[in-house]
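What follows is a single structure, written as structure tokens, with notes after it.
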Amino acid sequence: MTNAKYAFMSAYLKGAEAKIVTSEHIDRVSKTPNIQDVLEVIKDTDVGRYLEEAVIKTFDDSDRYLWKYFSQCLERLRGLKLVPADILKVLDAYIVKYDVLNIKAALQGIATGKKASMIPVGIIDGRGLLDELSQAEDGGAIIKVLVECKLGAYASIVEEYVAGEAKSKFLSEAKLDREYYTNLLTMPKGIPDGSLLTKAFSLMIDMANLQLVNRAIIEGIGSEADEFVIGGGYMISDKVAKDLIAHKLADVPGALKGTQYQGIAEEVVASYSRTKSVTAVEETIDKHKFRLLREMLSPRVLTPLVIAWYLIVKEIEIRNLRLVLKATFDNIPVEEIKDYLVFAS
């Protein structure tokens, strides 16, 4: 029965992958002048059909609908009768990343005095406490939500930040990321193809550490960021990451010479030199992370790896559409942001 379940899930998830927004759609979008034309171009996709009934007047509207769509995709998946327990295990561990993003957003909301915008995915959302988190007026309110959701390790990190023990907001966020990836890395033990899933998560850790290194250098934090390096990387060990933090940004590619990450580091330097934006740096690293994971996970079927790849595919699609719609609302030609887009095939 287990093999039959994996065969069903592989067919289901690969079928869903065939209905995503592709590079061909984006090529046609590049020639369109407004949001309605963008939606017309993607109407033959699953997300396009979902957005047909949406009332989209601003980018924030589109953003909200896209995340609701992603959340509904996961709800449909959970509702299937033939979902193997190992697939749900991978799903549950992976989507905590959205809890981490929502915690960061809540902390930012407190700092700015504005209601935080939340992503309706993760444990907190599943417990029905996302609105409470978004309306948190102080760290204590965030901690209360996290304790109720049995996210105590993250609550402790927030408590340190609120108590002033954390050295900066950036380092607190890095500590939240480290907690997430450390937990993610222990999850594959005992499941089919767990070693390859561990390798994929280790690659994600490399990319997270590369982001940490670049942000630490750009923001002048230096060796204070050393303790927040995430262990368990695939090619970037703790020692290598800490060594990179001591370099100047322009010297990082040379320090990674001979690795598959040298080209990524070179692109990061070029992107930051051009934009002076940390966001552009992170978009560059994310793009390459997806490409590397595609090569590793896309061919795998009949194992829990199919859900890992499905999640990544849907994240790629949401990410691409957010960039395209943001550019369209800002009257920026889509051609100008195509270098930041990445596709599942």
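Bear in mind these aren't lab numbers, they're just calculated from the coordinates by the rules spelled out. Worth saying up front: this structure is predicted, and the values here are computed from it rather than measured. Every residue, glycine among them, receives a Cβ derived from its backbone with ideal geometry; neighbour counts consider all protein chains shown.
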So how much slack lies between Lys242 and Ile218, counting 0.36 nm per residue of separation and subtracting their Cα-Cα distance, in nm? 7.2 nm
Which of these values of Rg/Rh (Cα atoms, Kirkwood Rh) was calculated from the structure shown: [x] 0.95; [y] 0.98; [z] 1.32? [x]
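Can you give the local net charge around Lys257? Use residues other than it whose beta-carbon is closer than 14 angstrom to its beta-carbon, Lys and Arg +1, Asp and Glu -1.
That works out to -3.
Report the extension gain between Glu227 and Ser277 in nm, rounded to one decimal, defined as 0.36 nm multiplied by the number of residues separating them, less their alpha carbon distance.
On the way: separation 50, 0.36 × 50 = 18.00 nm, distance 2.45 nm.
My answer for the length gained is 15.6 nm.
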With contacts defined as alpha carbon pairs under 8 Å and 6 or more residues apart, what's the relative contact order of the range 123-222 in percent? 15
Round to the nearest 0.05 the FRET efficiency obtained for Glu137 and Ala4 when R0 = 56 Å and r is the Cβ-Cβ distance. 0.65
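If you add up the charges near Ser277, with Lys and Arg at +1 and Asp and Glu at -1, over every other residue whose beta carbon is less than 13 angstrom from its beta carbon, what do you get?
Here the charged neighbours net out to 0.
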Inter-site label distance for Lys114 and Leu82 at 7 Å from Cα along Cβ, in nm: 4.7
Just rank His247, His288, fewest to most, by other beta-carbon atoms within 10 angstrom. His247, His288
With x for Gly and Pro, the residue-by-residue ³J(HN,Hα) of the range 258-268, computed from phi through the Karplus equation 6.51 cos²θ - 1.76 cosθ + 1.60 at θ = phi - 60° and given in whole Hz, is x, 9, 6, 9, 4, x, 5, 4, 5, 5, 4
Site Gln72, offset 7 angstrom along Cα→Cβ, radius 19 Å on amide nitrogen, limited to the range 288-321, gives 311, 314-321
Calculate the spin-label point distance for Asp44 paired with Thr182, positioning each point 7 Å from the Cα along the beta-carbon direction, and give it in nanometres. 4.9
With the cut-off at 28 Å, tell me which of the pairs Lys199/Lys242; Lys239/Lys338; Lys97/Lys199; Lys14/Lys175 have Cα atoms farther apart than that. Lys239/Lys338; Lys14/Lys175
